[in-house]
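Notes for the one structure printed next.
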Amino acid sequence: MEDWLVALADCRRRGSASVLVTVAAVRGSAPRDAGAHMVVYGASIGGTIGGGRLEQEAVAFARALLASGGQPSLLRHALGPSLGQCCGGVVWLRFERVAGDEAWVAELLRFAAAGRAAIMVCGMNDDPLPGRVVVTEEEAEGEPQAADVGALGLAGLLTPAAALARPLLASGLASAVIAEVPFGEGRSARLLFDPLPPPVFRLLLYGAGHVGRALVQVLSGAPCRIDWIDEREESFPSRVPERVRRVAVDTPEAEVDRAPPDACHLVMTHSHALDLRIAERILRRGEFAWFGLIGSASKRESFHRRLLARGVPAASIGRMVCPVGIDGIRDKHPAAIAISIAAQLFQVREQAAAGRAAPGGLPIMASVPATPTDV
């Protein structure tokens, strides 16, 4: 889980309060996009909203709110001369005191641990509504269900909020948006729809050699889940990062069929023959977000000929990326190769995110509140 979620989990275990700071909206250039989070608790901080003077002032305000037990606040920060930051944009931050036993936190942590998506909904009026609700896809038709945990502070608001949140959730919404939601007779509330997306990508990494170890280390702090697969159980380190699952099996290629259709596959085993078997299995299945094979251009040519001879269509083979890594890095050190591949994986993620958008017809506003308190 991301650091801010780890902090919320820690507070929940201890039954202690915290302040959740959310980048609710941005205009112009800013260090983080809408939907970034930071948790302030005691003398500790989990997550980041971009660092610098903005974060320093946010932490100070959050600690004051934590001590006073006050209501949610919405503050506007201009990232210019007053804060000494060169971004030049404007950031709106929402501050919310979170008790150690709130039900919506448990629900959020449950879905984050399972790698499943959810949307947090909270108020964004000038005087923000207290409360927050977590909306999931466990139930359909937009009605508030048992899966929608929390409250929004106004009777009758949960149903229309959930009705809007579910299509946003289904669309793969990647960053927070603001919408004016009507409810009751002639009433409306400005709400923030803040997605908790599943991990950025799911990676099946075949091979626990030097480059595989280096790549797992590079990705250890990234929001991704890795199935690390090898025939040789002794090749794995004794400890692996939280989101890494070691899979020691006699037939690594069989793991291809168990992968979700939007997973990335990276093949770098100790054996070219095993690489070929896995590559063939991936290409015959055809359901994957990205498939990379470590090796040179000559290895690609060799595999291309062998796969054609085995009846794999040329169009399918054309989806195989080999060599892997971004252009311009020629260093063969395992760490350099791992960094290059990690950058390529994030390029794939960015391209996928660019193809997702909120469904048409939804009353999504510009990500700027009306007149929040200025600081």
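The values are calculated or read from the model by the stated rules, or taken from the named source; none is laboratory data. What you see is a predicted model, and the numbers here were worked out from it, not measured in a lab. Ideal geometry is used to build each Cβ from the backbone, glycine not excepted, and the neighbour counts take in all protein chains shown. All accessible areas refer to the heavy atoms of the entire protein, side chains included, with ligands and DNA or RNA removed. Shrake-Rupley method; radii C 1.70, N 1.55, O 1.52, S 1.80 Å.
Condition first: touching a helix residue (DSSP H, G or I) at 6+ places or on another chain (Cβ under 7 Å), closer than 19 Å to Met120 by Cα and modelled with pLDDT under 90. Can you find one or more residues in region 39-51 that meet it?
There is no residue in region 39-51 that is touching a helix residue (DSSP H, G or I) at 6+ places or on another chain (Cβ under 7 Å), closer than 19 Å to Met120 by Cα and modelled with pLDDT under 90.
Given the criteria touching a residue at least 40 places away in the same chain (Cβ under 8 Å), in contact with a helix residue (DSSP H, G or I) (Cβ under 8 Å, 6 or more places away or on another chain), within 17 Å of His210 (Cα to Cα) and not hydroxyl-bearing (Ser, Thr, Tyr), does Val267 qualify?
Considered against the rule, which asks whether it is touching a residue at least 40 places away in the same chain (Cβ under 8 Å), in contact with a helix residue (DSSP H, G or I) (Cβ under 8 Å, 6 or more places away or on another chain), within 17 Å of His210 (Cα to Cα) and not hydroxyl-bearing (Ser, Thr, Tyr), Val267 comes out as yes.
Looking at region 260-286, which of its residues are within 22 Å of Gly221 (Cα to Cα) and either in contact with a Pro (Cβ under 7 Å, 6 or more places away or on another chain) or buried (at least 19 other Cβ atoms within 10 Å of the Cβ) (or both)?
Answer for region 260-286, where residues must be within 22 Å of Gly221 (Cα to Cα) and either in contact with a Pro (Cβ under 7 Å, 6 or more places away or on another chain) or buried (at least 19 other Cβ atoms within 10 Å of the Cβ) (or both): Ala263, Cys264, His265, Leu266, Val267, Met268.
Sort through Ala289, Ala342, Ala352 and tell me the only one that's surrounded by 14 or more Cβ atoms within 10 Å (Cβ to Cβ), closer than 30 Å to Ser29 by Cβ, at pLDDT 95 or above and under 27 Å from the mean Cα position of the chain (by Cα).
Ala342
Quick check on this structure: which one of Arg306, Arg300 is part of a helix (DSSP H, G or I), open to solvent by 60 Å² or more (accessible area, probe 1.4 Å) and either closer than 20 Å to Gln347 by Cα or assigned by the TED database to the domain that holds Ile226 (or both)?
Arg306
Go through the residues of region 13-33 one by one and say whether even a single one is free of Cβ contacts under 8 Å to residues at least 60 places away in the same chain, part of a helix (DSSP H, G or I) and not aromatic (Phe, Trp, Tyr).
Scanning region 13-33, I find at least one residue that is free of Cβ contacts under 8 Å to residues at least 60 places away in the same chain, part of a helix (DSSP H, G or I) and not aromatic (Phe, Trp, Tyr), so the answer is yes.
Select from region 25-63 the residues that are in contact with a Leu (Cβ under 6 Å, 6 or more places away or on another chain) and open to solvent by 60 Å² or more (accessible area, probe 1.4 Å) and list them in ascending order.
Arg53
Say we look at region 60-69 and pick out the residues that are assigned to a helix (DSSP H, G or I) and in contact (Cβ under 8 Å) with a residue 24 or more places away in the chain; which of these is farthest from Ser29 (Cα to Cα)?
Ranking the qualifying residues of region 60-69, first place goes to Leu66.
Can you name the condition, by its number, that Gly292 falls short on among (1) in contact with a His (Cβ under 9 Å, 6 or more places away or on another chain); (2) farther than 19 Å from Arg225 by Cα?
(2)
Look through region 317-339, keep the residues that are open to solvent by 30 Å² or more (accessible area, probe 1.4 Å) and part of a helix (DSSP H, G or I), and return whichever of them is farthest from Ala222 (Cα to Cα).
Across region 317-339, the extreme among qualifying residues is Pro334.
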